[in-house]
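Structure first, then comments.
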Amino acid sequence: MSAVLPADGALADALQKSEGVWHAAWRRFKSDRVGLVSLVIVLGFIVLIVLSALGLVASQWQNEVGVANAPPTFMGPAVPQSTTAIEVPTGPNVDLSEVDPLAPRYKEWDERAKEFATTETVKAETLPFGGDRLGRDVLAKAVKGTEISVFVGVAAALCATLIGTGLGAFGGFFGGKVSDFLEWVYNVFESIPNILLIFAFAAVVGRGVESVVVILALTGWTGMYRQVRAEFIKHRSREYVRSAEAIGASVGSRMFRHILPNVSHVILVRMSLLTVGFIKAEVILSYLGLGVRVDQVSWGTMLAEAQSELILGHWWQLVAATLFMAVFVTAFSLMADAWRDALDPKLRGLE
């Protein structure tokens with residue numbers, strides 16, 4: 001009995017390679033307008049951070065470019081049209097040098113006073129977000145602070161995600177003694193209050209951007225581990241993983257090529273929460289003097305400075321730091337939500 005071959009079109013469809021997980025996720029992500037706008041905003045912040053790191057923008061944030069606590073302004077005060085000059089009697093037979101030796105210098109000093117007033121007015125035009133208590137540009141500080149705060153939040157979240165995902169994948173996939181040992185490590189970290197654990201690591205590691213990243217990564221991986229472990233336990237016995245094992249797929253292939261893409265939406269959501277939480281943690285550490293060094297600036301140090309300035313009615317540094325933080329955190333969270341929906345296997349089945 002001869003086999004019935006499918007038609008040419010059906011055969012071509014059968015031989016056509018199925019769409020990859022990430023390619024399909026990108027196709028779904030592009031249909032989410034909010035996610036796309038959020039992605040553009042996040043990419044804009046990344047470009048700003050790169051330019052700041054290269055010294056192309058906000059490199060002079062420590063310079064005193066205006067008067068102390070200068071209010072926000074785009075135009076600056078009007079340039080004085082006239083100044084009160086020292087009136088010196090003049091005439092063919094008037095010589096005041098014998099009476100006042102400084103008389104010949106009065107005119108020169110008057111010209112310098114006019115030039116100084118004009119220069120100060122021009123400087124005021126460059127402070128759209130005002131100046132701090134030392135006369136530094138708040139906008140430049142906010143841009144430079146973005147570089148450090150976002151780097152701390154994202155880098156620490158990535159490190160914590162790698163630690164938590166790796167340990168959770170091994171514990172959930174293998175089970176047994178491996179899972180028991182990792183659960184013991186997890187319980188040790190969870191038994192200590194998080195804030196005390198952060199302070200303990202901070203006292204040992206010291207201050208600085210790299211130190212803050214290490215501290216937050218070592219104290220923030222436990223939630224990721226717990227969730228990834230539960231997902232791997234749920235997926236390791238499913239049919240697609242059993243089928244991959246039957247055709248000879250290795251352990252690493254089953255863990256990271258088959259299971260991991262199907263739990264990536266959970267990892268992305270958790271990582272976005274870690275990023276937001278770590279940015280807030282950096283603010284607290286910097287406020288308490290355990291964060292970035294005194295010669296650096298971040299959103300945390302700006303908010304710490306703004307606390308004393310706000311009492312005097314100088315609100316612009318608080319607004320600048322809060323505005324930059326709110327825009328980035330909101331855009332990053334919405335982008336992560338869009339990626340979660342694009343990678344969710346339950347939503348994939350509805351297409």
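The values are calculated or read from the model by the stated rules, or taken from the named source; none is laboratory data. Given the structure is predicted, the values throughout are model-derived calculations rather than measurements. So basically every Cβ, Gly included, is an ideal-geometry build from the backbone, and we count neighbours across all protein chains shown.
Confirm whether residue 298 is touching a Gly at 6+ places or on another chain (Cβ under 6 Å), modelled with pLDDT of 85 or more and of a type in the set (S, T, N, Q).
The answer is yes for residue 298.
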> Can we say residue 190 is at pLDDT below 90 and either aromatic (Phe, Trp, Tyr) or part of a helix (DSSP H, G or I) (or both)?
Replying inline: yes
> For residues in the stretch 64-85 being loosely packed, with under 13 Cβ neighbours inside 10 Å and under 17 Å from residue 320 (Cβ atoms), which is modelled with the lowest pLDDT?
Replying inline: 74
> Within the bounds of the stretch 146-167, is there any residue that is assigned by TED's automatic domain parsing to the domain that holds residue 46, surrounded by fewer than 19 Cβ atoms within 10 Å (Cβ to Cβ) and of a type in the set (D, E, K, R)?
Replying inline: no
> Among 209, 214, 185, which is aliphatic (A, V, I, L, M), modelled with pLDDT of 90 or more and farther than 26 Å from residue 261 by Cβ?
Replying inline: 185
> Which of the residues spanning the stretch 283-295 are within 18 Å of the chain's Cα centre (by Cα) and either hydrophobic (A, V, I, L, M, F, W, C) or modelled with pLDDT of 85 or more (or both)?
Replying inline: 283, 284, 285, 292
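Every residue, every condition in (1) surrounded by 16 or more Cβ atoms within 10 Å (Cβ to Cβ); (2) out of contact with any Asp or Glu (no Cβ under 6 Å at 6 or more places or on another chain); (3) assigned to a helix (DSSP H, G or I), yes or no:
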position: 129; (1), (2), (3): yes, yes, no
position: 144; (1), (2), (3): yes, yes, yes
position: 171; (1), (2), (3): yes, yes, yes
position: 185; (1), (2), (3): no, yes, yes
position: 202; (1), (2), (3): yes, yes, yes
position: 218; (1), (2), (3): yes, yes, yes
position: 224; (1), (2), (3): yes, yes, yes
>> List the helices (runs of 4 or more DSSP H) inside the stretch 255-351, counting only whole elements, that have at least 2 residues being more than 28 Å from residue 225 (Cβ to Cβ) and touching a Pro at 6+ places or on another chain (Cβ under 7 Å).
In response: none
>> Could you check the stretch 260-285 and list, in sequence order, the residues that are over 15 Å from residue 164 (Cβ atoms) and either surrounded by fewer than 19 Cβ atoms within 10 Å (Cβ to Cβ) or not polar (S, T, N, Q) (or both)?
In response: 261, 265, 276, 279, 280, 281, 282, 283, 284, 285
